[in-house]
Amino acid sequence: MSKNFLEVKNVDFIVGGQTKVKNVSFSIQNEGDVICLLGPSGIGKTTILRTIAGLEKVNNGAIIINNKIVSSNKVHIEPEDRNISLAFQENSLFPHYTIEENIYLGKERKNSNKKKKINIKKIIKLLNIGKILDHYPHQVSAGEAQRVSLARSIISQPDLLLLDEPLSNVDQSFKEEIQVQLKQLLKDLK
């Protein structure tokens, strides 16, 4: 099979029965590599991420992770069985849990392949969310909610972390600082 960590081979990305993006192929050679999908709004970037995560099905082509087909016209491994985490652009926090409880939901995710001991306090500090841990999602800003969702996704230590504009609601000055530190953290954790 392939030597690549992730392979997207000739996939048609479909939402609601309508093809959004046709015949896409790309790969990530090494686990821990950071790549970016760029394009104008509405072109299908989110659809691609949702499909890789398993939230949408594949009619044509295949998605392969660690030499295992997770999506094709014959195979569909459910999202909860893929060990992939997707941090959405919009708020995806549970409203009846505090911020701290929302973050620690990521730690509770079962993953026998944990590579490194993750420092949750370091991630909370990096994302500047320590002062809101006892708040509920409706009590925080959109930018804070995004950072909490991002913390939860990182803490779950997925095999593949997909980020859909995870800092779009964060102040520009703080965003640049987070991006540099976040990229280094992700590289360290692979």
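The values are calculated or read from the model by the stated rules, or taken from the named source; none is laboratory data. Note that the coordinates shown come from a computational prediction; the quantities given were computed from them, not determined experimentally. FYI the Cβ positions are ideal-geometry reconstructions off the backbone, even for glycines, and counts take in every protein chain you see. Ligands, DNA and RNA are stripped out before the accessible areas are found, and what is left, the full protein with its side chains, is counted by its heavy atoms. Shrake-Rupley method; radii C 1.70, N 1.55, O 1.52, S 1.80 Å.
Worth pointing out:
- For the chain, with all protein chains in place and a probe radius of 1.4 Å, 48% of the accessible heavy-atom surface sits on carbon or sulfur.
- Packing, taken as the mean count of other beta carbons within 10 Å per residue, orders the peptides 63-74, 44-55 from highest to lowest as 44-55, 63-74.
- Cut-off 17 Å (backbone N to label point 7 Å along Cα→Cβ of Leu186), residues of the range 61-94: 84-90
- Label point at Asp81 placed 7 Å out along Cα→Cβ; residues across the range 36-58 whose backbone nitrogen lies under 16 Å: 53-58
- Flagged links, alpha-carbon separation over 26 Å, of Lys45/Lys190; Lys74/Lys187; Lys3/Lys183: Lys74/Lys187
- Reach of Lys121 by Cα under 18 Å, taken over aspartates and glutamates that are not fewer than 8 positions away in the same chain: Glu100, Glu101, Glu108, Asp134, Glu144, Glu177, Asp188
- Taking a point 7 Å from the Cα of Ala142 along the Cα-to-Cβ direction, the residues of the range 22-55 with backbone N closer than 18 Å to it are 41-42, 46.
- Among Pro79, Pro40, Pro166, residue whose mean-square fluctuation peaks in a GNM of the chain (springs only between Cα atoms under 10 Å): Pro40
- Top of Ile120, Ile35, Ile77 by mean-square fluctuation, Gaussian network on the chain, Cα under 10 Å: Ile35
- Over the chain: helical MRE at 222 nm, DSSP H runs n ≥ 4 each giving -39500 (n - 2.57), nearest 500: -9500 deg cm²/dmol
- The chain: relative contact order as a whole-number percent, Cα under 8 Å and 6+ apart: 22 percent
- Packing rank of 172-178, 149-155, where each peptide gets the mean count of other beta carbons within 10 Å, highest leading: 149-155, 172-178
- Fluctuation leader among Val170, Val75, Val180 - the chain, Gaussian network, Cα springs under 10 angstrom: Val180
- Length, then width, then depth: along the principal axes, the Cα atoms of the chain run 46, 34, 31 Å.
- The stretch between Ser41 and Val15, if pulled fully straight at 0.36 nm per residue, gains 7.8 nm over its current Cα-Cα span.
- Dipole magnitude (debye, nearest 20) for the range 29-150, charges at Cβ of Lys, Arg, Asp, Glu: 500 debye
- Segment Ser25-Lys122, extension gain: residue separation times 0.36 nm, minus the distance between their alpha carbons: 31.3 nm
- Across the options Ala142, Pro79, Leu93, the greatest Cα extent toward the positive end of the charge dipole of the chain (unit charges at beta carbon of Lys, Arg, Asp, Glu) belongs to Pro79.
- Between the range 1-53 and the range 125-190, the Cα center-to-center distance that results, in Å: 22 Å
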